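Reading through the structure tokens given below for one structure.
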Amino acid sequence: MLRRTLLLGLCRGPLGRGLGTHRGGSILDRDGKMSEIKKKIQSILPGGDWNPLYDTSYLPPEGSDVVIVGGGVLGLSVAYWLKKLEKPRGAIRVLVVERDHTYSRASTVLSVGGIRQQFSVPENVQLSLFSVDFLRNINEYLAVADDPPLDIQFNPSGYLLLASEKGAAIMENNVKVQRQEGAKVCLMSPEQLRNKFPWINTEGVALASYGMEHEGWFDPWCLLQGLRRKVQSMGVLFCRGEVTRFVSSSNLMKTASGEEVNLKRIHEVHVKIDQSLEYQPVECAIVVNAAGAWSGQVAELAGIGNGPPGTLQGTKLPVELRKRYVYLWHCPQGPGLETPFVIDPSGTYFRREGLGHNYLGGCSPTEEEEPDPGNLEVDHDFFQDRVWPPLAQRVPAFETLKVRSAWAGYYDYNTFDQNGVVGPHPLVINMYFATGFSGHGLQQAPAVGRAVAEMVLEGHFQTINLSSFLFSRFYSGEKVQEHNII
Amino acid sequence: MGSQTRTLWGSGRIGSLHLVAPVWNGGTRGIGGLSRVVAPEGNQKKGRSLLQFLADRFYDVEALRDHLLRKQVSKVHQKNRPFNHINQRYGPYVAGAYFILKQGGAVRFQGREWIRPNQRGHFSLDFLKLQAVPVEAVDASGCAINYQGLDSLLALKELQSLWLQRCPHVDDWCLSRLHPLASSLQELSLAGCPRVSERGLACLHHLWNLRRLDISDLPAVSSPGLTRILVEEMLPSCEVLGADWAQGLKLGPEEQPRDTAGPTPA
């Protein structure tokens, strides 16, 4: 009884009435002042991050169990699955560090948004199948109470890969592998192609593989926002800053065969705040490198690759920035509503966009023509010289088209074998990778996030075995070459 | 009142209310305020915000609300489970028919009359002997059939007519699954399905045998008139019932609807 009156008195009496009259402010402003005072008291109480000297709410916490470098779709997916699979609930503190909260250069939002199972490596097919499942049930996975359901605008129109004489045997093999994993792909002869899609010119095409289900394209921004919203509701902390330094300690250990190995462990991550010289050292147990196209630079900060070339210490993370262009054009006589995501044998691709006869497409340049990745400027001559001729040859209606707009984005290109790097580094034992997907990261993000979370929490892959995607393959030289890269 | 104070501001172990943090904002409304809020309210909208209010402050209410939502979802899953034992014993046609009848829809076997459940949901099991007779028409209007439930329908290889009017869980993903029925399906009706959009309609081009398609009254389609034209182009031998081509067009200043009956598009 006494406590209750004291509490009521404390909250309403002297502070409320007293402050208004002391400061001489009007009675009308009392509510505003009351809420300010309540906020201040709340931050002073234990659990709030009040510092008596200055405001530090923009800084990341001083310690976090997992620090995820990079807040794109892969980083957020890892954060989501870490929070979903942790036992007990709320056990792990996760911090996501993203230096650009507008995502202006992130690969996720600049992506064309396609998802397919037509890969040559079986693990890629499995990753993609799970991701499609995730996208289909996205409102069960990413449901946040009292927020509207997500609509990722999935177009289930499928992918159509065309192969010339040379590639026909490889395509047949790939389709066999894909069917074994459960993808719904069918092979079509040029005759069947002409019947189904009369707007295609089948000259030079020996075989085509068409995905009937679980393939198409969707809106990556919606997936990113949905993940972000859900992950924030699960208690993941976000920080707007850049990782500039890792503080680690080394241990000289002996392997079972007597070799000496220098194992490093990262203890602190220095996060530099945007547009400031201030940085915060964050103590951490695990660092996840999901920095996309900039993962190579983050890996160098951790000392990966500092060593004599040819040794495990000297093996760098072979992920680089590669610039790719996407063009949007309008063609009123172009193919209709049934247009799938078409990939020509020359590497040119296009897909329908919306209902107004607009199409998105592009082409990956060869190694010699790689544009300078310093900026995201678009080269329109590239469209004239390299994209339009094969397009017009494949779809005669595209001889008359008008380019409406274009943009450029980065691939986190793995120069070794164009497949992702997943799992811990053998020497820097608490750095985990989730990067290097060279253009198919968005479509595998949910599954890769789950795999990394399983690796972090359990120590091994449980659902999809991605042991062939570990870092050690760069040293041992075992390529997991993916042939169907666009 | 006093005893309530002790339980609420105690360690939180007592009773089932665990406070998330000493929330001074909630507290200033007074302990009496909290007990006032717990009293049941009549209006549903008020009830939802009450649940939200409590769920923001108590872990247990949050867990209860999540549990209620999950139960709703699992109810739909339960309705769509496949009847494998019936499939093994009587064959795919009978299993599919049983599935539809159980959901509240109607089935017509080849050469027979429509079989419908009565108001109570009961139906006669005479069709169990029709193991070799294919199912020709399915009327699943208003049923809670979803992506999983389509498994039972896709086994009906000679299905000619499928009505999915006003089905709340049929969406674009479900439409992409219909391609195994391409050789037999002649009539498809999607009128009134709230989740079907033009993206799902784009994958109906697999159904080359389709003669009648009803895509009227689809609220999720952004431009119904244009979509209908594009679908007609995509399926040239199919009669498409849908919105008028001018629906969704903005009327120009000279075409504003006049009071007298004029020849303006609806």
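The values are calculated or read from the model by the stated rules, or taken from the named source; none is laboratory data. All values derive from a computational prediction rather than experimental measurement. Here Cβ is always computed from backbone atoms with ideal geometry, including for glycine, and neighbour counts include all displayed protein chains. We work out accessible area using only protein heavy atoms, side chains counted, and drop any ligands, DNA or RNA first. Shrake-Rupley method; radii C 1.70, N 1.55, O 1.52, S 1.80 Å.
If you take the accessible area of A alone plus B alone and subtract the pair, what total do you get in square angstrom, rounded to 100, with a 1.4 Å probe?
3300 Å²
For A:V96, the residues whose modelled amide H falls within less than 5 Å of its own, excluding neighbours fewer than 5 places apart on the same chain, are A:I68, A:L237, A:F238, A:C239. The packing ranking of peptides A:230-243, A:62-75, A:333-346, highest mean first, is A:62-75, A:333-346, A:230-243, where packing means the average number of other beta carbon atoms within 10 angstrom of each residue. Please list the helices of chain A that count as membrane-span-like by this rule: a mean Kyte-Doolittle hydropathy of at least -0.5 together with Cα atoms stretching 27 Å or more along the helix axis, each helix being a complete DSSP H run. Going by DSSP H runs, there are no hits. For the pair B:D217 and B:Q52, the difference between a 0.36 nm per residue extended length and the Cα-Cα distance amounts to 56.0 nm. For the residue pairs A:K166/A:K402; A:K254/A:K316; A:K87/A:K479, the C-alpha atoms sit more than 25 angstrom apart in A:K166/A:K402; A:K87/A:K479. One chain, two ends: A:R93 and A:D372. Fully extended at 0.36 nm per residue, the span grows by 96.6 nm beyond their Cα-Cα distance. Inter-chain neighbour count for B:196-207: the average number of beta-carbon atoms from partner chains within 10 Å of each residue's beta-carbon is 5. Using the rule -39500 (n - 2.57) for each DSSP H run of four or more residues, divided by the residues of the protein assembly as shown, the 222 nm mean residue ellipticity is -9000 deg cm²/dmol. With R₀ set to 60 Å, the beta-carbon distance separating A:E62 from A:D151 gives a calculated FRET efficiency near 0.95. A Förster radius of 60 Å, combined with the Cβ-Cβ distance separating A:E165 from B:Q119, puts the computed FRET efficiency at roughly 0.40. Coupling constants for the stretch A:292-300 follow from the phi torsions by the Karplus curve (6.51 cos²θ - 1.76 cosθ + 1.60, θ = phi - 60°), and in residue order they are x, 5, 9, 5, x, 5, 5, 5, 5 Hz; glycine and proline get x. Once backbone amide H atoms are built at 1.01 Å from N, A:V422 has A:L470, A:F471 as its partners under 5 Å, excluding neighbours fewer than 5 places away on the same chain. For the stretch A:156-171, list residues with backbone N below 20 Å from a point placed 7 Å from the Cα of A:H483 toward its Cβ? Those under the cut-off are A:159-171. On the beta carbon distance between B:D66 and A:V403, with R0 = 41 Å, the FRET formula returns roughly 0.25. For peptide B:173-179, the mean count of partner chain Cβ atoms within 10 Å of a residue's Cβ comes to 5. Taking all protein chains together and rolling a 1.4 Å probe, B:H169 ends up with roughly 50 Å² accessible. Could you tell me what a quarter of the Cα convex hull surface of the protein assembly as shown works out to, in nm² with one decimal place? Its average projected convex-hull area is 45.5 nm². Using equal-weight Cα scatterers in the Debye expression, the normalised intensity of the stretch B:77-241 in log10 at q = 0.20 Å⁻¹ is -1.30.
The slack between A:T102 and A:C186, meaning 0.36 nm per residue of separation minus the straight C-alpha distance, is 26.2 nm. Label-to-label distance for A:L45 and B:Q148 is 4.2 nm, based on points extended 7 Å past Cα in the beta-carbon direction.
In summary, the lysines within cross-link reach of B:K75, defined as a Cα separation below 22 angstrom excluding same-chain residues under 8 places away, comprise B:K102.
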